[in-house]
Every structure is written in C-alpha cells, then in structure tokens.
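**Q** Before we start, here is the structure in question, set down as structure tokens.
The values are calculated or read from the model by the stated rules, or taken from the named source; none is laboratory data. Predicted model only: the values in this text are computed from it and were never measured. Ideal geometry is used to build each Cβ from the backbone, glycine not excepted, and the neighbour counts take in all protein chains shown.
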Amino acid sequence: MCPHCGKNAPVIHRGLAAYCTACGRERLPFAGKSVSLAGKPSRVGGAVAGVLGWLVLLGGTALALLLGLLAAGLFPGSIAGLAIGLPIGFLAVTLGVLLLVSGRKLARSGVKASRSAQVQAIFSIASHRRRPLTAQEVGAALDLPTEEADALLTELAKERPDDVGVEIGDRGEILYTFPAISGQAGVRFPQPSLRIDARDGAADPTAARIGEEFEDEDVGVSRASPRRQQLR
C-alpha cells in the first residue's frame, strides 16, 4: 500500500530507488511487488535450465555414441557397444528432456508473474488518475516501449472487455478506458421533486402535482408571515 496515494500499486525500480507505479512518488525498495523484478528469477532459471538441457542432451548423446563405438571396436562381434552406449544415451536423453521441459515451465511462470504485476500496475494507474490512459503514459510509468505497452493494453482489452475499453480521442489518439473504475466517480443522484418516466420521456404528473402543492404552501406561508408579525 502506497503511503502517498493509498493505492495497492506495485513499485518499479530505477537504479537503487523504487517508485510507486500509480503516483510516481518514491517508496521503499521492497515495500511491495516490483514490476521490474517480478518473474525475473523464474525467467533466468528457465533460461539456465534450457541451456543445461541442450548441453546434457547433445553432449550425453555424443558421449554415448562415442563410448558405444569404442566398445564395439574393442570387442567386435559382441553387444558391448550397445550395453555401454544405450544406458548412457537413455540417461542423457531423459535428463535433457526433463531440463528443457522444466526450463520452459519456469520461463512461462516468469512471464505470467511479470504480466500479472504489469496488469496490477495499469489498474492502479487508472484508479489513481481517474481518466483514460494512453500507451505512452503506461509505457513511461512501467519503463516499457510504447509499442510493447500498446500491445499489452490491446491484449488486455481483448481478454477483459468489461474492464478495459478502447476509444479514439479528439486528436485521433487511442485511449484505453476503464469503465469499472471511472464509473465510480461523478455519480449523480436524481432530484426527488420530478420523476421522469423512462418509457416515453414525460414527467410524472403525480410528482409534478406534489411539487406544485409544495410551492403553493410556501407561497401561503410567505403571505401569512407579515400578518403574524403585525399581530405580534
């Protein structure tokens, strides 16, 4: 929770300092989820696991083939080559595939965590500013290129059309609206003196008559007040 704007917004690190993604003011470095660091350990771990997987797969297969050929040359006419090469190759393929699969899962979880933090930051920005946002504003707040921010907002509008909308501004710019957030501000309550019939747009005669009666009573009271003052 940001102590300045009161929003549960993630922070973004710029150098050694951390800033609120909603209001842009400085916060403690580890006061909340970081857009800059979210998912990065998983993505790095996934990349390392992928590299190790390919090394084990290719290196182990090559080693199994080499040892199998060497054993077949030393013991011609026997199954020594298969007995040595097949177990090593099977082990290398199994470990390599497991490392590659786990690396991809880690990378996907890292991308998912990063996107979750970015989406949370976008809604925090919209809740703080209470108006439509542009891709340039979101990119500047999240340290993203404008094209990447625009792609993220477009994807978000497709996935959650009830929460994010797309409009064209007066200058032709693309605006991303947040109806659920902007609709909470500026709520207007109807006046009780006159009720509008939604079917034909005409005023309710009962409400109008009640309003006229109240006006007549006010006029009567105002006319009677000088007489009461004279009697007093």
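**Q** Would you mind telling me which numbered condition in (1) surrounded by 15 or more Cβ atoms within 10 Å (Cβ to Cβ); (2) within 27 Å of residue 115 (Cα to Cα); (3) small (Gly, Ala, Ser) residue 60 fails?
**A** Result: residue 60 fails condition (2) only.
**Q** Is there any pair with a first residue in segment 29-46 that is at pLDDT 80 or above and a second that is crowded, with 19+ Cβ neighbours inside 10 Å and part of a loop (DSSP other than H, G, I, E, B) whose Cβ atoms are under 7 Å apart and which are 6 or more apart or on different chains, and what are they?
**A** Note: pairs meeting the criteria are 33/10; 34/10; 35/10; 35/21.
**Q** State yes or no: is residue 96 part of a helix (DSSP H, G or I), under 34 Å from the mean Cα position of the chain (by Cα) and buried (at least 20 other Cβ atoms within 10 Å of the Cβ)?
**A** On the way: part of a helix (DSSP H, G or I): yes; under 34 Å from the mean Cα position of the chain (by Cα): no; buried (at least 20 other Cβ atoms within 10 Å of the Cβ): yes.
Here the answer is no, as residue 96 does not meet what is asked.
**Q** Looking at segment 108-119, can you tell me whether even one residue there is in contact with a strand residue (DSSP E or B) (Cβ under 9 Å, 6 or more places away or on another chain), hydrophobic (A, V, I, L, M, F, W, C) and either at pLDDT below 90 or assigned to a helix (DSSP H, G or I) (or both)?
**A** The answer is yes, given that some residue of segment 108-119 is in contact with a strand residue (DSSP E or B) (Cβ under 9 Å, 6 or more places away or on another chain), hydrophobic (A, V, I, L, M, F, W, C) and either at pLDDT below 90 or assigned to a helix (DSSP H, G or I) (or both).
**Q** Checking the structure you have, find out if any residue of segment 88-110 is touching a Ser or Thr at 6+ places or on another chain (Cβ under 7 Å), at positive phi and not assigned by TED's automatic domain parsing to the domain that holds residue 152.
**A** Looking through segment 88-110, none of the residues is touching a Ser or Thr at 6+ places or on another chain (Cβ under 7 Å), at positive phi and not assigned by TED's automatic domain parsing to the domain that holds residue 152.
**Q** Identify all residues within segment 13-25 that are out of contact with any Cys (no Cβ under 8 Å at 6 or more places or on another chain) and either exposed (fewer than 13 other Cβ atoms within 10 Å of the Cβ) or touching a residue at least 40 places away in the same chain (Cβ under 8 Å) (or both); write none if there are none.
**A** Of segment 13-25, the ones out of contact with any Cys (no Cβ under 8 Å at 6 or more places or on another chain) are 13-19, 21, 24.
Answer for segment 13-25, where residues must be out of contact with any Cys (no Cβ under 8 Å at 6 or more places or on another chain) and either exposed (fewer than 13 other Cβ atoms within 10 Å of the Cβ) or touching a residue at least 40 places away in the same chain (Cβ under 8 Å) (or both): 14, 15, 16, 17, 21, 24.
Per-residue answers, yes or no, for (1) crowded, with 20+ Cβ neighbours inside 10 Å; (2) of a type in the set (A, V, I, L, M, F, W, C); (3) more than 23 Å from residue 2 (Cα to Cα):
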| residue | (1), (2), (3) |
| --- | --- |
| 118 | yes, no, no |
| 125 | yes, yes, no |
| 139 | no, no, no |
| 150 | no, no, yes |
| 154 | no, no, yes |
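**Q** Which condition breaks for residue 78 when tested against (1) in a helix (DSSP H, G or I); (2) modelled with pLDDT under 90?
**A** Single failed check for residue 78: (1).
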